[in-house]
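To start, the structure under review is shown below, and the notes come after it.
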Amino acid sequence: MTELSIIVPVYNAEAFLTGCIESVLAQTFADYELLLIDDGSTDGSGEICDQYAGRDARVRAVHVPNGGPATARNKGLEMAVGRYIQFLDADDELEPECCVVFCETARAYDADVVLGGAGIFEGKDRLIRRLAMPADGIHRTADLLRALEPARSGTLFNCVWNKWYRASAIQKHRIRYEHDVWLGEDFLFNCAYLRTCDSVAVTTQPLYRYYKRAGDSLTSRFRADEMARRR
């Protein structure tokens, strides 16, 4: 069984997608599948997905009608065969050691969810700040939730891209993104998942590169198009 499924919702991301995919292929960890969910892109993103799928057997590309990031991630969850799930945005990147550190942490603690550090970047190499994190180690979920300071609670609840989720729990409890929610969908997904899990393992090592795109993130564009589609 594959250890990890990395799910990337892709929408009009051709300017950044190659860097995102290459950061996965450069991992020092090899036991993964990369699921590229092209969500009705109108630029060259779909072709980039197909090119990489043709080069590497670990990469799978699927093209779906535009439905927004929630729909795209749900499609990835339907396809995934890994023990753990990781979400990656198409305009972000992973540090080369990201997956191996997550894997070592997951195995060391047999955790239901692994929470990792991240750097927020403006431009390719300008680090703005790092995510506020709980302490390294294993935490009972209930204890962590009670002890979290407001500055750190967003790290746990508002992001999906800095975590590994146990796939069996997602499938057992039928946890999916809500199709009709276009704002705060990651928060709702995390709330649903955390209700099912007993333990959270934390590594504060910055493993994810989140790029701030001057108010034009791919998530913002997803949401803008989703709002227009629903009018």
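Each value in this text was obtained by applying a stated rule to the coordinates, not by laboratory testing. What you are looking at is a predicted structure, and each value in this text was computed from that prediction instead of being measured. For neighbour counting, all protein chains shown are included, and Cβ atoms are generated from backbone atoms with ideal geometry for every residue, glycine included.
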Review point. Which entry in (1) 16.5, 49; (2) 20.4, 59; (3) 19.7, 65 is this structure's computed Rg and Dmax of the Cα atoms in Å?
Key: (1)
Review point. Rounded to the nearest 0.05, what FRET efficiency is calculated for residue 1 and residue 179 with R0 set to 30 Å and r the Cβ-Cβ distance?
Key: 0.55
Review point. Please identify the trypsin sites (Lys or Arg not before Pro) of region 88-132 that satisfy two criteria: DSSP loop assignment and at most 10 other Cβ atoms within 10 Å. Which are they?
Key: 124
Revision key, fill the gap. D (µm²/s, integer) via Stokes-Einstein for region 61-143, Kirkwood Rh across alpha-carbon pairs, 20 °C, 1.002 mPa s: value 138
Practice item. Positive end of the charge dipole of the chain (Lys, Arg +1 and Asp, Glu -1 on Cβ, about the Cα centre): tell me which of 87, 134, 35 has its Cα farthest that way. Key: 134
Check your understanding: Among the lysines, which fall within straight-line cross-link reach of residue 212, defined as a Cα-Cα distance under 25 Å, with same-chain neighbours fewer than 8 residues apart omitted?
Key -> 124, 163
**Study point:** Against the rule of thumb 2.2 N^0.38 Å, how large the Cα Rg of region 2-121 comes out
**Key:** 1.02
Practice item. Figure the gain on full extension for residue 212 and residue 149 (residue separation times 0.36 nm, minus the Cα-Cα span) and round it to one decimal in nm. Key: 20.3 nm
Revision key, fill the gap. Percent relative contact order for region 92-170, counting Cα pairs under 8 Å at least six residues apart, stands at 33
Study note, to complete from the structure: Between the Cα axis of helix 185-194 and the main Cα principal axis of the chain, the angle (0 to 90°, nearest 10) is 40
Review point. Given Cα pairs under 8 Å that are at least 6 residues apart, what percent is the relative contact order of the chain?
Key: 26
Review point. For region 7-64, what does the alpha-carbon gyration tensor say about shape, rounded, prolate or oblate, given a ≥ b ≥ c as the root eigenvalues, a/c under 1.5 as rounded, and a/b over b/c as prolate?
Key: prolate
Practice item. Could you check which residue among 145, 156, 194 shows the biggest mean-square fluctuation in a GNM of the chain with a 10 Å Cα cutoff? Key: 145
